[in-house]
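The values are calculated or read from the model by the stated rules, or taken from the named source; none is laboratory data. All values reported here derive from a predicted model rather than from experimental measurement. When we count neighbours, we look across all protein chains shown, and the Cβ atoms used for this are built from the backbone with ideal geometry, even at glycine.
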Amino acid sequence: MPEHAAAPTPQTENTTAPPASPAARRAGLLVTFILGGLTATPPLAMDMYLPSLPEVTGSLHAPAATVQLTLTACLLGMALGQLAVGPMSDRWGRRRPLLIGLAVNLVATALCAVAPSIETLVAFRLAQGLAGAAGIVIARAVVRDLYDGVAMARFFSTLMLISGVAPVVAPLIGGQILRVTDWRGVFVVLTVVGALLGVLVWLRLPETLAPRDRRGGGAGDALRSMRSLLADLPFTGYMLAGGFAFAALFAYVSASPFVIQEIYGASPQTFSLLFGLNSVGLVAAGQLNGKVLVGRVSLDKVLATGLAVITLAATALLLMSTGALGEVGLAPVAAALFLLMSALGLTMPNAQTLALLRTRHAAGSASALLGTSAFLIGAVASPLVGIAGERTAVPMAVVQLAAALVAGACFVGMCRPWNTRENTRTGSEGDEN
């Protein structure tokens, strides 16, 4: 590995690193870009494809419900794939499973472009999601290898800036691709992106898990490691708090097109503008968290604030959707959604950081549990927003409020945030998971 590809120096909350040389800073920025790409590529694979769904229906002569399975298969693959890849990265290091995952993902994406039937497309999308999970889970594990405490929270906020933009721009990119080619061209572009990312990882991302820190054993050892992690109440509490906060995000993504356009009569252009503004709010709050709050306010306090704001915003949405506040227009609903989305920028990076602080020697398994739980909880929450049909926004608000309350209960009841100093010391110094 070239010397200029050396990883950034790990930093802890109580350690001040000397000023980095320009070469070291460039290497650090490149590693940040690569890790951001690893976390952003799976959302790109999901959302760039969305504008082409009607075309796939006609091209492959399949009903719309069956075409929707291509999305479900990819999402399910990303959720389950993390459970397998995370422990593999603890055993063999980060680079080997990551490169294998990127290679398989590349092949699966290319096969999607030439799928002859809807059944094969569903199968290839499942494989794409399973392999794409490697980037998500190993990116978090690499951050845990490189950073600690405040530095880790700041890095996660930076990743949110990169990965948070992907779901916003992906449908726009997909729509522009469809102006010059068909739905298969979307997968061709994704194949090129995957190939470029794979080359960057091969050349520039070093191994971050030293051989002495790797865990031996097979599937049994991995299961024992995960069981040990789940037995740690604060870790599980942070995992569930982040997962249920993510469910509030899934509920928003699933229901907001209907709520904004069908119930409140907004045009598609207005919905796109509001969706973009909410995404900007999430990213901006993440940057506020990383650049201003982290290091000045304890991570538990910032997480508690984010959960409280989500709860208040979801409560306001429920009151407005039930008519308890009288007739309201789009503006107050949009404001409450913006507040809720922005608060997620304070919640998700800090929940991940505080969970990963509980473990140093099984960061891959811990990252897998964090990712899989969030995807599965979110996947369960998404269909619930339409349970009452198309005449009310109450289900979205109920799901978001319930998710916020459960997240808050897990945080308070399992994480013991009033004992932050002892918990952080135990997690970062004494963990043997």
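Summary of computed values
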{"quantity": "Every residue from the stretch 67-98 that is touching a Ser or Thr at 6+ places or on another chain (Cβ under 6 Å) and aliphatic (A, V, I, L, M)", "calculated": "Val67, Ala79, Leu83"}
{"quantity": "Any hit, the stretch 351-374, residues being surrounded by fewer than 17 Cβ atoms within 10 Å (Cβ to Cβ) and free of Cβ contacts under 8 Å to residues at least 60 places away in the same chain", "calculated": "no"}
{"quantity": "Failed condition for Val142, given (1) closer than 21 Å to Leu75 by Cα; (2) under 22 Å from the mean Cα position of the chain (by Cα)", "calculated": "(1)"}
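Residue-wise test of (1) surrounded by fewer than 19 Cβ atoms within 10 Å (Cβ to Cβ); (2) assigned by TED's automatic domain parsing to the domain that holds Met396; (3) of a type in the set (A, V, I, L, M, F, W, C); (4) not in a helix (DSSP H, G or I).
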position: Lys301; (1), (2), (3), (4): yes, yes, no, no
position: Ala304; (1), (2), (3), (4): no, yes, yes, no
position: Thr311; (1), (2), (3), (4): no, yes, no, no
position: Ala316; (1), (2), (3), (4): no, yes, yes, no
position: Ser321; (1), (2), (3), (4): no, yes, no, no
position: Gly326; (1), (2), (3), (4): yes, yes, no, yes
position: Ala334; (1), (2), (3), (4): no, yes, yes, no
position: Leu339; (1), (2), (3), (4): no, yes, yes, no
